[in-house]
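The values are calculated or read from the model by the stated rules, or taken from the named source; none is laboratory data. Since we're looking at a predicted model, the values are computed, not measured. Don't worry about glycine lacking a Cβ; one is built from the backbone with ideal geometry, like all the others, and counts go over all protein chains shown.
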Amino acid sequence: MNSARLVEKPLLRVKGLKKIFPVKEGILSKRKGYVYAVDGVSFDIKRGETLGLVGESGCGKTTTGKTILRLIEPTDGSIEFEGVDICTLRSDDMRRLRSKMQIIFQDPYSSLNPRMTVGSIVSEPLDIHKVAKGSDKEERVVSIFKRVGLKTEDMRRYPYQLSGGERQRVGIARAIILSPDLIVGDEPVSALDASIQAQVINLLEDLQEEFHLSYLIISHDLSLIEHMSDRVAVMYLGKLVEIGDSNKLYAFPQHPYTEALLSAVPLPDPTTRREKIILKGDPPSPINPPSGCYFHTRCPYKFDDCKIIEPTLKEVNSGHFVACHLR
Ligand code: SF4
C-alpha cells in the first residue's frame, strides 16, 4: 500500500472512455452488431498510486488497459496524461509519450520476440527512442538486468532459454528501462507459479517505491488486487460499477456484484467466514446487453426499476462511487 506517497493531481485521467468493436459475419462481412467492450469508463490514477481493475473474464479490463495506451484506438472519451489529451496526439508525439506509459503482459513468452536475445529485447526501447547508445546503452541494460534480478550473462540468451519468472523479469526490465511514469500490468503474474508470483509482486512493489511509478493492475485475482492496490475499480460488462479505496471496498463492498465477487475470497482470519454468494448464469453478451442495470439479470436484489433505469456512479462515501439504485 502506498497511500502515504499520494499527491492530489492525477497523472492519468480517463473520462467517458468507450471502445466499440463492430461484429461482422458472412463472406461479405456484413455488420451484425457492435460489442460495447468499454462503455463510458472514467477514473483517475495519481502519481505513485496503484489502481486495481478487477472483474470477470471478458468484462473489458484488458481492452481498457490497451486503449489507455492507445495500443487500441478509443471510440470515444478522453485520456489525459499529465494534463494532455493523448487521443489528440499525432503518431510521432504519441510515440514520444509512450516512453512514459508502458505495459507488462500476462504471457511474457508470446510478448517477447523469440528471434532476439533478451539483452536486445530490453535495449530495443533505447534504440527506438534514441535515448542511449554505445557504452551508455550497455551500462543501462546491465544495470536494469541487475535491478530486476537477472544475471548479466542472461543478456545473451533467448526467451525460450529462460524460465517463466525470468521471462517476466525481462518484460519488466523492458517496461522500466525508459523510466516511465505509468505501467499497465495486464494479469502480470497470473501465468507464473505461486512462489514465483510472490517474488515478481515484491519486485513490482520495490520498483514502484524506487521510481515512484503509478500502476494500473488488471487482474481477475481478487487477492492480488487487494494486496497491490491503493484503490480498486470493479468492472462489469464494459462499465465500472464500483470504485474506491481498497481497504474500504474490500471490507464493505457496496455493489451487489462486488459483494458476490468478494464473497469467494478467503478471509485472512481462518476462524471467520463470509457467506459465499453464487451468481446465477454467465455474464450477458456485450453485443446485446440487458436494459437498465446491466447486472439485473444476475442480481439477487433486483427490483422493477433495475430493468428500466440504468444506474450511474454516485459517491456514497468520500471517494467511493457505486452504480446501484440501492445506494
Ligand atoms: Fe442490482 Fe438493481 Fe443495484 Fe443493479 S441497480 S445492482 S439490479 S439492485
Check your understanding: Can you tell which of 258, 312 is without any contact (Cβ under 8 Å) to a residue 12 or more places away in the chain, within 14 Å of the ligand (Cβ to nearest atom) and of a type in the set (Val, Ile, Thr)?
Key -> 312
Practice item. State which residue is surrounded by the most Cβ atoms within 10 Å (Cβ to Cβ) when the search covers only the stretch 197-216 and only residues that are of a type in the set (A, V, I, L, M, F, W, C) and touching a residue at least 24 places away in the same chain (Cβ under 8 Å). Key: 216
Exercise for review: Within the stretch 71-108, track down each residue that is closer than 23 Å to residue 207 by Cα and in contact (Cβ under 8 Å) with a residue 60 or more places away in the chain.
Suggested key: 81, 82, 99, 100, 101, 102, 103, 104, 105, 106, 107, 108
Revision key, fill the gap. Taking the stretch 118-143 and the residues there that are part of a loop (DSSP other than H, G, I, E, B) and out of contact with any helix residue (DSSP H, G or I) (no Cβ under 7 Å at 6 or more places or on another chain), the one that is surrounded by the fewest Cβ atoms within 10 Å (Cβ to Cβ) would be 130
Review point. Within the stretch 159-218, which residues are small (Gly, Ala, Ser), under 23 Å from residue 126 (Cβ atoms) and in a helix (DSSP H, G or I)?
Key: 171, 173, 175
Exercise for review: Of all residues in the stretch 48-69, count the ones that are assigned to a helix (DSSP H, G or I) and of a type outside the set (A, V, I, L, M, F, W, C).
Suggested key: 7
Exercise for review: Go through the stretch 212-268 residue by residue and tally those that are more than 22 Å from residue 200 (Cα to Cα) and of a type in the set (S, T, N, Q).
Suggested key: 4
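Kindly indicate the residue of the stretch 1-19 that is modelled with pLDDT of 95 or more and not small (Gly, Ala, Ser) and also nearest to residue 62 (Cα to Cα) among those meeting that condition.
19
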Practice item. Look through 293, 324, 299, 306 and report the one residue that is modelled with pLDDT of 90 or more, within 10 Å of the ligand (Cβ to nearest atom) and in contact with an Asp or Glu (Cβ under 7 Å, 6 or more places away or on another chain). Key: 293
